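Data block below; observations after.
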């Protein structure tokens, strides 16, 4: 808690007084070294014990001086130690208060979880670009390095929901999980994705086998520092020796449909082990929430109880239209040419218990709805090639698709736009606004209504 320098400054006068007293009694009264030390200690501490033997006049005069020196040295040492204690406590509280104030002022910022070598490099680049960011680090030594660099930070465990909330995750634009532990990075991604469905998340992975798990948990991208460095070195050596590169950087991606499922009364999964429930659902169970406690990759033999909430994942290849299939889960078609909106509503509908099917053009959307026959379709009013109104009109021509609820999504709040949409077969019109949950609530309400 205290610096070595301040402790040394506090103890030097006290030790000097003890040494002076011991030597003085030895020279004036002829005491041994131990007797001189004894007389010095009881004199400085004013305990009132008897002298080793009666003092001479010179000895009494020296004792008076020694008492004054003792009081002064003790007061000096006590003052420095108490001041250091108060300063440490006050500065710690003041620093935390100051950091929280700075974080509340940040918007569309970035969160760096972990300040190792990779995190330090990321922070340096963000600073150079003038981007706002917050670092979450629990190692005191790393926190001292962050403090010296003047970055905004929280000394906390980044895997906890409280730390992410304190870092302003609801207002953040992106998050990077850079801890040295893949399970901890996985937990950060899971928690962050649940707290902010629109967040851009990039995670570090030490083990290649962890990449798919972290992607399924909600990361937009997973980076392995060693693999990335190896590929870069290979490219550099080939280029420097005149070799043309013909490396296909594209990869076949997978889309993971994550879903929280709560086991209510009479659910057939209650009383069964997790491995059996996973087989019956045809989905991986990667998380268990029981009585506000979260477990990542729980024991397959754990018996499920009423009230448990399961985090499940189902994976399919990413094809045109980003099609996803999952038996027993209501399908929702989302048609929008804005990838950010697609990502947002995909996650929101997954969380609400639906299986989202996505398309980015009007033509793709129409084909998707006709083929998959979803329970409902959320369609952007303005789309390339075929508009949202045209999709509604074409769907209503088919009696086979009468049961599909059509919800148009538009920025235009004009009554004429709403009237035209309803005339062409839309069940509801939702105006784009900051409350992203309104679309999900509208879909649920439409599905509850009788056809």
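The values are calculated or read from the model by the stated rules, or taken from the named source; none is laboratory data. This structure is a prediction, so every number in the text was calculated from the model and none was measured. Quick reminder, even Gly has a Cβ in these numbers, built from the backbone with ideal geometry, and neighbours come from all protein chains shown.
Tabulated data for the structure shown
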item: Check on residue 134, at pLDDT below 90, outside any loop (DSSP other than H, G, I, E, B), in contact with a helix residue (DSSP H, G or I) (Cβ under 8 Å, 6 or more places away or on another chain) and in the same structural domain as residue 198 (by TED's automatic domain parsing); result: no
item: Single residue of the range 187-220 satisfying the filter (touching a helix residue (DSSP H, G or I) at 6+ places or on another chain (Cβ under 8 Å) and surrounded by fewer than 13 Cβ atoms within 10 Å (Cβ to Cβ)) that is modelled with the lowest pLDDT; result: 208
